[in-house]
1. Please specify each residue of the range 215-251 satisfying the condition of being surrounded by 13 or more Cβ atoms within 10 Å (Cβ to Cβ), modelled with pLDDT under 90 and β-branched (Val, Ile, Thr).
2. Starting from the range 1-19, keep only residues that are farther than 14 Å from Asp152 by Cα, then list their pairs with residues that are among the β-branched types (Val, Ile, Thr) and in a strand (DSSP E or B) whose Cβ atoms are within a distance under 6 Å, requiring at least 6 positions of separation or different chains.
3. Against the conditions (1) in a loop (DSSP other than H, G, I, E, B); (2) surrounded by 12 or more Cβ atoms within 10 Å (Cβ to Cβ); (3) at pLDDT 85 or above, where does Ala254 fall short? Just the number, please.
4. Restricting to the range 162-182, give me the number of residues that are buried (at least 20 other Cβ atoms within 10 Å of the Cβ) and within 15 Å of the chain's Cα centre (by Cα).
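The values are calculated or read from the model by the stated rules, or taken from the named source; none is laboratory data. Note that the structure is predicted; figures quoted are calculated from it, not measured. With ideal geometry, Cβ positions are generated from the backbone for all residues, glycine too; neighbour counts draw on all protein chains shown.
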Amino acid sequence: MLLSMTGYGKAEYTFSDHKTIVEIRSLNSKQLDMTLKTALVFREKEAELRAILTKALERGKVDATIYTQPLEATASADFTPINWEAVKYYVDDYNAHLDLGLPVGTHQSRIPNEVMAGILRFPDVMKQTATADSLSDEEWALLQQAVGQAIDAFVAFRKQEGASLQAMFTEKLDGIAALLAEVEPFEKGRVEHIKEHLLDNLDKLAEKTKQAVDRNRLEQEMIYYLEKLDITEEKVRLTNHIKYFRETMQETGAGVGKKLGFVAQEMGREINTLGSKSNQSEMQIIVVKMKDILEQIKEQVLNVL
């Protein structure tokens with residue numbers, strides 16, 4: 001079953017006077033591109049946390065966040081409180097250095113809005129609820145458990161999204177296969193039409209030049225010409241690529257998306273060759289429809305793990 005690179009997982013636990021939340025979200029990426037943000041109290045375990053996440057998530061642009069909230073705040077709202085003492089310190093420091101040419105706010109406040117927004121983004125402005133100098137073994141065990149739960153929820157989300165992608169791919173492949181079957185009636189009539197057209201032109205040329213056409217040489221050249229326009233091999237190869245795409249979708253693990261991308265490229269080559277050999281408008285219309293469906297497949301293949 002396919003796994004999507006798009007995913008989301010969340011878990012939490014309470015310990016002492018705070019609640020800790022672990023959130024993992026990801027989008028598609030060629031490699032694993034992970035950003036890990038943690039509360040200060042968890043920084044000493046950041047390398048171990050990164051190793052756990054890297055092993056489990058494998059691929060994608062991943063944002064993992066581990067933050068804390070005080071228990072008294074969680075009862076009424078889901079927010080991180082502001083350390084107003086730190087804000088006051090930065091505001092006073094800003095006002096003390098206005099002679100350096102810093103921007104001045106309105107008459108109501110000496111702090112411009114953009115400066116205040118910048119101050120509120122300083123790390124120590126947002127209160128850290130877990131204030132211990134080091135992480136206890138008990139809480140570290142709880143954190144590892146929560147990370148595992150968030151990863152499980154994240155993988156479940158990827159499976160759900162992957163199932164939707166697989167259903168979409170199956171529908172699109174069926175569409176290409178149906179269009180390929182529509183080529184056959186035009187293919188049979190096309191050869192006879194080309195042959196009649198060539199013979200008619202040669203007869204007109206012979207009439208003008210008063211010279212007979214060498215029928216043996218004509219048959220040889222016509223066979224060579226018609227063989228170059230034959231699309232049997234392209235049809236067989238495209239059918240095989242469609243079959244292999246379906247089989248690959250049953251594989252699991254990272255790297256399936258890359259393999260599907262390669263198969264889609266090969267499908268594109270065969271469809272392009274069909275188009276270059278098509279000299280009937282009806283066949284060219286069918287080829288254009290195939291290309292449109294294949295482009296939709298290629299776009300979504302980028303989301304497969």
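1. Residue satisfying the conditions is Ile231 alone.
2. Listed pairs, sorted by first residue: Leu2/Val304; Tyr13/Thr20; His18/Thr68.
3. (3)
4. 3
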